[in-house]
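Participant: Shown below is the structure under consideration.
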Amino acid sequence: MVQIKTPEQIAKMREAGLVVAAIHAATREAAVPGATTHDLDQVARKVIADHGAKSNFLGYGGFPATICTSVNEVVVHGIPDEKTVLKDGDIISIDAGAIVDGWHGDAAYTAFVGTGHAPELIELSRVTEESMWAGITAMKANNRLVDISRAIETYIRRQPRPATGKYGIIEDFGGHGIGTEMHMDPHLLNYVSRKRGKGIKLVPGVCLAIEPMVSLGTARTETLSDDWTVITTDGTWSSHWEHSIALTEQGPLVLTSPDCGKAKLAEYGITAAPDPLG
């Protein structure tokens, strides 16, 4: 069953989303050469505590940290530790979440550590982020879930190929519903699968976490012996971007964006729903 939220419940999710946005801002500033991924986790813990929120990552299925820190070839679910020291030229995808009064927020971004990044890495992150926004623009009343998947895949496939030959749209992980739990129905693929059909009809009150993951090579992944860390099978580096979005009567509301997605959606000619918190 897909959970349909009331405007009041969406407002609570917006509160959680703003905590996630604050985590992103603080960890982005802290993701510098010499910092450990444990340092970033401590930064995230402080932000959550300062906002009086709770972590939805810590303890989830046994996960031992507050955020996921996925460096270079790690796609998702990288565990922060004191041994992983960020180096100049690394890229890191930071996935963070928060709970406010039982309502969840979840979002991820890819950051560049230091300077001197290869153009194909910069383009990889851009393509992944823009494909997420393409998916968000397809989150319209009476569209189907597959329309979001199609928008993401189409954007990626239309980009010039990287020097490595292709972009790999990760197949083993995708977006999801969000609300009173972090992961809820429906599961959202980042590509179109005929086996999955058209999916649910999108109506006001549906809330989704849209999160493409793209590599500079394969679409295939493997999970390391810690049962969490997911890497590309060919060692190519990857990018991960995510926002939580509510579909409202006034249109899409990007819950985890500081401006509700207003500026970015305007580039697509779409008016973001007003901030329920004013």
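The values are calculated or read from the model by the stated rules, or taken from the named source; none is laboratory data. Just so you know, these numbers come straight off a predicted model, no measurement behind them. Here Cβ is always computed from backbone atoms with ideal geometry, including for glycine, and neighbour counts include all displayed protein chains. Ligands, DNA and RNA are stripped out before the accessible areas are found, and what is left, the full protein with its side chains, is counted by its heavy atoms. Shrake-Rupley method; radii C 1.70, N 1.55, O 1.52, S 1.80 Å.
Participant: Around Asp90, which amide H atoms from residues at least 5 apart in sequence, or from another chain, sit under 5 Å from its own amide H, with H modelled in the peptide plane?
Facilitator: Distant-sequence amide H within range of Asp90: Val113.
Participant: While we're here: Between beta-carbons, use under 14 Å as the cut-off and find the net charge around Arg14, counting Lys and Arg +1, Asp and Glu -1.
Facilitator: Summing Lys and Arg as +1 and Asp and Glu as -1 gives -3.
Participant: Quick one: compute the contact order of the chain, relative version, from alpha carbon pairs under 8 angstrom and 6+ residues apart, as a percent.
Facilitator: Working: 694 pairs, mean separation 61.7, N = 278.
That works out to 22 percent.
Participant: Among the aspartates and glutamates, which fall within straight-line cross-link reach of Lys198, defined as a Cα-Cα distance under 13 Å, with same-chain neighbours fewer than 8 residues apart omitted?
Facilitator: Asp147
Participant: Then there's this: Return the distance in nm (one decimal) between the two label points of a simple spin-label model at Arg157 and Met1, each offset 7 Å from Cα along Cα→Cβ.
Facilitator: 3.6
Participant: Here's a follow-up. By how many nm would the segment from Asp227 to Arg126 lengthen if fully extended, with 0.36 nm per residue of separation less the alpha-carbon distance? If you can, show how the numbers build up before the last one.
Facilitator: On the way: separation 101, 0.36 × 101 = 36.36 nm, distance 2.92 nm.
Extending this stretch completely gives an extra 33.4 nm.
Participant: Also, quick follow-up: In region 262-278, which residues have a backbone nitrogen under 20 Å from the label point lying 7 Å from Asn142's Cα in the Cα-to-Cβ direction?
Facilitator: 269-273
Participant: Can you give me the long-range amide H partners of Gly179? Hydrogens built in the peptide plane at 1.01 Å from N, cutoff under 5 Å, separation of 5 or more residues or another chain.
Facilitator: Placed amide hydrogens put His104 under 5 Å from Gly179.
Participant: With every protein chain left in place and a probe of 1.4 Å, what is the accessible surface of Leu58, to the nearest 10 Å²?
Facilitator: For Leu58, solvent-accessible area is about 80 Å².
Participant: Distance cut-off 28 Å, Cα to Cα: go down the list Lys54/Lys201; Lys54/Lys83; Lys12/Lys201; Lys46/Lys166; Lys87/Lys264 and report the pairs above it. Before the final figure, lay out the partial values.
Facilitator: Numbers: Lys54/Lys201 32 Å; Lys54/Lys83 26 Å; Lys12/Lys201 24 Å; Lys46/Lys166 39 Å; Lys87/Lys264 31 Å.
Exceeds cut-off: Lys54/Lys201; Lys46/Lys166; Lys87/Lys264.
Participant: Aspartates and glutamates within cross-link reach of Lys140: Cα-Cα under 14 Å, excluding same-chain residues under 8 positions apart?
Facilitator: Glu249
Participant: Could you run the Karplus curve 6.51 cos²θ - 1.76 cosθ + 1.60 with θ = phi - 60° over region 230-237 and give me ³J(HN,Hα) per residue in whole Hz, x for Gly and Pro?
Facilitator: 10, 10, 6, 6, 9, x, 6, 6
Participant: Sticking with this one: Report the extension gain between Glu181 and Lys83 in nm, rounded to one decimal, defined as 0.36 nm multiplied by the number of residues separating them, less their alpha carbon distance.
Facilitator: Answer, rounded to one decimal: 32.1 nm.
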